[in-house]
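None of the figures in this text is laboratory data; all of them are computed from the coordinates on show. Being a predicted model, the structure only gives us computed values, none of them experimental. Every residue, glycine among them, receives a Cβ derived from its backbone with ideal geometry; neighbour counts consider all protein chains shown.
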Amino acid sequence: MDIRKVAVIGGGTMGNGIAHVFAMNGFPVHLIETKQEFADRALATIDKNLGRMVDKEKITSDQKDASLKNISVFLDVDKGVADADLIVEAVPENFGIKESVWKAVDGAAKEGAIFASNTSSISITKIAALTSRPDRFIGMHFFNPVPVMKLVEIVRGLDTSDETYAMVEETSKKLGKVPVPVNDMPGFVSNRVLMPMINEAIFAVYEGVATPENVDEVMKLGMAHPMGPLRLADFIGLDVCLDILNVLYEGFKDPKYRPCPLLVKMVDAGKLGNKTGEGFFSYQ
Ligand code: 3HC
């Protein structure tokens, strides 16, 4: 089977980026959202980000138009996934939400369809077990901003078949991405390495070692990171960082992953980074 038609569930930051790259690389995409206003917002973001690529002469305006034409919106999961060969889920990192989405998808998708979750930390094996086809289930972990970042971390669950892996690897290459295979363990590789660094940067602020600006300057100028770890934490979302750290802490039962109390306090205060206008830095 060849992957021709793709359904992307969720049009948030990751979902609209994923829909953008599939559509730009010639795949018809069904973008599935719960409300028209969310779908409109996702389409407006894709339009803006394709426009950036036209401005930078990475694509032509004809390619932009063709990409937008490749996307159709569905407000009903059953209809959106029915004839898709690959279904990529990018709904919030909450097991209950993923459970209801995947049960609906399992009942409506055609035989042979491949199921992929963009989860950043929930076990692929555990989500796959919600469906009747864990051999065709896999993690496709994209990185923000999806149109820019080259990596797709491909996460193999306990039962993921070699055939499923091979098809997802080939499809990722068709998107111009570099697929890297990893096994299903808490945080996979990306967040197992990234989140302790971000957490340690927050501890440095908490313990008064340096201001957020200076922690980030050290990592940008001394280690050539494009963004400092605290700016990156704001960009990812402090709630998402906390959730991932909790998955690492509980998954490994190792205190080295304990979230910094300052991170917990900021999430409690609703200071979640870019999306709320304030985190370690202000985005008003
Ligand atoms: N769509 C299309 N193009 C975009 C874009 C988008 N959403 N966002 C940025 N770009 C393009 C810009 O047009 C620009 O193109 P150019 O190189 O041709 O000029 C290029 O990307 C760089 O953008 P800017 O010049 O506006 O800004 P910067 O140079 O500051 O780069 C950045 C922005 C690419 C975000 C860079 O700061 C960066 O790489 N930061 C680190 C991002 C990162 O680590 N992401 C991973 C997060 S972890 C994750 O997602 C996993 C999850 O599980 C937590």
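Which of LEU50, LEU221, LEU68 ends up with the largest GNM mean-square fluctuation for the chain, with Cα atoms connected below 10 Å? Among LEU50, LEU221, LEU68, the largest GNM mean-square fluctuation belongs to LEU221. Spin-label model, LYS173 to LYS48: label points 7 Å out along the Cα-to-beta-carbon direction sit 3.5 nm apart.
If you line up the long axis of helix 238-252 against the longest principal axis of the chain, both from Cα atoms, how many degrees apart are they, to the nearest 10? Roughly 90 degrees between the two axes.
Put a dot 7 Å past the Cα of LYS69, heading toward its Cβ, do the same for GLU163, and the two dots end up 3.4 nm apart. Using every Cα-Cα pair within the chain, state what percent have a distance larger than 35 Å. Beyond 35 Å sits 18 percent of the P(r) for the chain.
In degrees, nearest 10, range 0 to 90: what is the angle between the Cα axis of helix 190-206 and the longest Cα principal axis of the chain? So the inclination is approximately 30 degrees.
Rounded to the nearest Hz, the phi-derived 3J(HN,Hα) couplings of segment 262-279 under the Karplus curve 6.51 cos²θ - 1.76 cosθ + 1.60 (θ = phi - 60°) are 5, 5, 4, 5, 5, 5, 4, 7, x, 8, 9, x, 3, 5, 10, x, 8, x, where x marks glycine and proline. Whole Å is fine, so just give me how far the alpha carbon centre of segment 206-284 lies from that of segment 1-56. First find each Cα centre; the distance between them is then 28 Å. Too long at a 26 Å Cα-Cα cut-off: which of LYS35/LYS79; LYS64/LYS174; LYS126/LYS275; LYS35/LYS69; LYS35/LYS275? Violating the 26 Å Cα-Cα cut-off are LYS126/LYS275. The Cα center of segment 172-195 and the Cα center of segment 115-156 differ in position by 9 Å. Loop-located trypsin sites (Lys or Arg not before Pro) across segment 188-247 with a Cβ neighbour count of 11 or fewer within 10 Å are lacking, with loop assigned by DSSP.
The 3J(HN,Hα) values that the Karplus relation (6.51, -1.76, 1.60; θ = phi - 60°) gives for segment 91-107 are, in residue order, 8, x, 6, 9, 4, x, 5, 4, 4, 5, 5, 5, 5, 5, 4, 4, x Hz. Gly and Pro appear as x. If only the Cβ of Lys and Arg carry +1 and only the Cβ of Asp and Glu carry -1, the dipole of the chain around its Cα centre is close to 280 debye.
Residue ranges 265-273, 14-22 sort as 14-22, 265-273 when ordered by packing (mean number of other C-beta atoms within 10 Å per residue, highest first).
Pull out a ≥ b ≥ c, the square roots of the eigenvalues of the alpha-carbon gyration tensor of segment 109-189, then state rounded if a/c is under 1.5, prolate if not and a/b is larger than b/c, and oblate in the remaining case. Taking the square roots of the gyration eigenvalues as a ≥ b ≥ c, segment 109-189 is oblate. Residues whose amide H comes within less than 5 Å of that of GLY279, counting only those at least five positions distant or on another chain, are GLY273 (H built at 1.01 Å from N in the peptide plane). Dipole magnitude for segment 153-193: about 260 debye, using +1 per Lys or Arg Cβ and -1 per Asp or Glu Cβ, origin at the Cα centre.
Subtracting the Cα-Cα distance of ASP62 and ASP254 from their residue separation scaled by 0.36 nm leaves 63.9 nm.
The long axis of helix 13-24 is offset from the longest Cα principal axis of the chain by roughly 40 degrees.
Once backbone amide H atoms are built at 1.01 Å from N, MET140 has SER117, ASN118, THR119, VAL155 as its partners under 5 Å, excluding neighbours fewer than 5 places away on the same chain.
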